[in-house]
Amino acid sequence: MNYLILIPLLPFATSVLLGLFGRKYFKTSSGIIATASLLASAILSLVTAYNYFFVSGKVNGSYQKIIALQYNWLQFSPNVSIDMGIILDPISVMMIVIVTFISLMVHIFSWGYMKGETRFATYYAFLSLFTFSMLGLVLSSNIFQVYIFWELVGVSSYLLIGFYYNKPSAVAASKKAFIVTRFADFGFLIGILIMGFYGGTLDISTLIERLTSTQSTEFISISTASFLGISALTWGLTLVFIGGAGKSAMFPLHVWLPDAMEGPTPVSALIHAATMVVAGVYLVARLFPIFSMDIAALNIVTWVGASSALIAAVIACTQTDIKRVLAYSTMSQLGYMMFALGIARNEGESSVGYTASMFHLFTHAFFKSLLFLGAGAVIHLVHSNDMKDMGGLRKRMPLTHLSFLIACLAIAGIPPFAGFFSKEEILLAAFQTNKIIYFLALFTAALTAFYMFRLYFSIFWNNTSKSSKVFEAEHGHEGTISMKLPLIILSGCTLVAGFVPFSKFVTADGAPLETHFSIIFSIAPVVLSVLAILIAANLYKTHNEKPAKIAASLGTFYKVVTRKLYIDEAYVFITKKVIFNFLGRPAAWIDRNIIDGCVNGLAYVTATTSNAIKVVQSGRIQNYALYFFGGIAGLAIVFIYWWK
């Protein structure tokens, strides 16, 4: 598999080429160049997946980890080094297929959506950089290498979210995403250092081997060492998870995600379906064997994931910006993936939560990218993100309407669409492991069906709107063929992805897992989802006063949820009133009066001394002669005194 290195290097080369020379030499052809590069990477990824899953990856009935490339980059000691390498195992192979395929769809869709942009080449350069960063992250064999690409993903998201740099809201959103995730990434870095220190290595495979063997000295030392009564293993895993929670927008580090919708809509599809936000889930899955050794860390993953899923679903029911509804939907679905990992264990039937989580990541990539690209087509026509400016668009946008409906049915868990199968596996794992989590997940699933069809009916049915935006849309068109083709392909994937025998390929221990589908168990989730869809139809299919009356009856609760639980306001209060006043102001005083005072004092002493002695260098020969003979006289006196 010598071609493996080309999978991430092709988009990297494209990014460099278009970033340096795109606006001058490839202004109109940059989209074709970037798409051709991604197409090559996607084909190579599919070839890799075929070779791994059907030719060379399975040994003695289990899929093995293959280090396809290893390069010693930095050697700190005989035992600790940073090696840049490529690792192939079921989840990394799955991820490169997802990342390249979804990115390819976004590249094609962007031909029509971004046509006419003055920074068209720059946009594709940023997209290619984003894709390269995520491919590098999922293929990394060293945990510090993961961190390097982790930060590069953050930089790429900053560039794309703030692509419209002349919009203050876009600039603020990009800074918010960058700063919030940097706080989380600091925890990730400390977690890496703890794990590397006790594990004696930064290589992921070796680290897992040492910290999952209860007889190893490394495991004994990390599990017995403690701080504040908590083991070093729990601290390390929790800090690593904080980094993942920041990237995957888990509560309460989710505040950057809705604002990130300020970027171009195809970027939102890439961020939410295949790159940035799934990085946190991938990180926990990558280190899952170590997480499974610590129940406390897994419990944190479980409850953070479950609470994030529920909170996001509740907030999504009140939002009117279609991209923000989809953003909270992503947060909720990522919460599903997280708590599924949290309730899993490392092998056999107990690992079904792990497989279910990865399966949902797989199916979610298709229907969520389809939802965002469909939303992009709507926004492209209506020139607004607000549902109040939409309605009755199903006749004007038949293809978008059908594809959006397919994606809504998938995320709502309606059979036989992809989301049904993966969500059922998560619910089954929760039911077998933790009944409280199961009922929370079941309620969240019903809310998901409600708010997604609230969105669907508001966009494509509720045609009593008198908005000028809808009137203008009547004179537009659904989009170019480059915008329609990804919708068709992703709709097909959403229809068939659920039938992939996923548990035979991706499991916690590499061995194929037999999962059992139960029609009886699926009755409750499907019935609740159908009821939620019917309620949404009753409230939003045609214009009526019911939603306003319900909102008024909920009073303060509805207002709090509409304002996203005032979490953003809480952060602003803590930052400005607490940190700035009690930490920032004293620090500024110390900086101005003590640090600057010392530096300025040294400068004053130096200047005063210089002024005092500068007369010695007057430039007058008679003065120099006087100094010279005075010096000789002084030396003569000293010599005579010493001679006596």
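Every read-out reported here was derived from the displayed coordinates using simple, explicitly stated rules and does not represent laboratory data. Because the structure is predicted, anything quoted here is derived from the model rather than measured. No Cβ is skipped: glycine too gets one built from the backbone with ideal geometry, and neighbour counts run over all protein chains shown.
For region 1-85, the list of trypsin sites (Lys or Arg not before Pro) that fall in a loop by DSSP and count at most 16 other C-beta atoms within 10 angstrom reads Lys27, Lys65. Remark: the Cα gyration tensor places region 162-206 in the prolate category, a/c being 1.5 or greater and a/b exceeding b/c. Prolate is the label for region 265-376, because a/c, from the alpha-carbon gyration tensor with a ≥ b ≥ c as root eigenvalues, is 1.5 or above and a/b exceeds b/c. In a Debye calculation with equal point scatterers on the alpha-carbon sites of region 489-544 and no solvent, what is log10 I(q)/I(0) at q = 0.13, 0.20 Å⁻¹? Taken in order of the listed q values, log10 I(q)/I(0) reads -0.62, -0.95. Computed on the Cα atoms alone, the convex hull of region 516-562 gives a volume of 108 cubic angstrom per residue. Rounded to the nearest 20 debye, the dipole magnitude of the chain is 1800 debye, with +1 charges on Lys and Arg beta carbons, -1 on Asp and Glu beta carbons, and the Cα centre as origin. Taking only the C-alpha atoms of region 571-643, the Rg (one decimal) and the largest Cα-Cα distance, Dmax (whole number), read 26.6, 81 Å.
Dividing the C-alpha radius of gyration of region 305-562 by 2.2 N^0.38 Å, with N its residue count, gives 1.02. Each principal axis of the Cα cloud of region 141-272 was taken in turn, and the coordinate range along them, longest first, works out to 57, 31, 18 Å. Please give the Cα centre distance for region 528-551 versus region 567-581, rounded to the nearest Å. Cα centres, region 528-551 to region 567-581: 37 Å. Below 26 Å Cα-Cα, how many Lys pairs turn up in region 519-632? Only count pairs eight or more apart in sequence, or on different chains, if you could. Pairs that pass both the separation and distance tests number 11.
For Tyr641 and Ile613, the FRET efficiency from 1/(1 + (r/R0)^6), where r spans their Cβ atoms and R0 equals 22 Å, is about 0.20. Rounded to the nearest 20, the size of the Cβ-charge dipole of region 548-644 about its Cα centre is 380 debye, with Lys and Arg at +1 and Asp and Glu at -1. Here the simple spin-label model places points 7 Å from the Cα toward Cβ, and for Thr206 and Ile43 these points are separated by 3.8 nm. Each part reduced to its alpha carbon centroid, region 343-372 and region 385-440 end up 15 Å apart. How many angstrom lie between the Cα centre of region 237-288 and the Cα centre of region 40-110? Cα centres, region 237-288 to region 40-110: 21 Å. As a proxy for reagent exposure, Cys408, Cys317, Cys598, Cys493 were ordered by neighbouring Cβ count within 10 angstrom, fewest first; the result is Cys598, Cys317, Cys493, Cys408. Full extension of the chain between Lys559 and Leu583 yields a length gain of 5.4 nm, computed as 0.36 nm times the residue separation minus the alpha carbon distance.
What's log10 of I(q)/I(0) for region 233-325 at q = 0.22 Å⁻¹, Debye sum over Cα points only, no solvent? Rounded to two decimals, the profile gives -1.11. Applying 1/(1 + (r/R0)^6) with r as the Cβ-Cβ distance of Arg592 and Val155 and R0 = 35 angstrom yields a FRET efficiency of 0.60. Based on a Kirkwood Rh over C-alpha pairs, give the Stokes-Einstein translational diffusion coefficient of region 1-81 at 37 °C and viscosity 0.692 mPa s in µm²/s. Using the Kirkwood radius from Cα pairs, D works out to 212 µm²/s.
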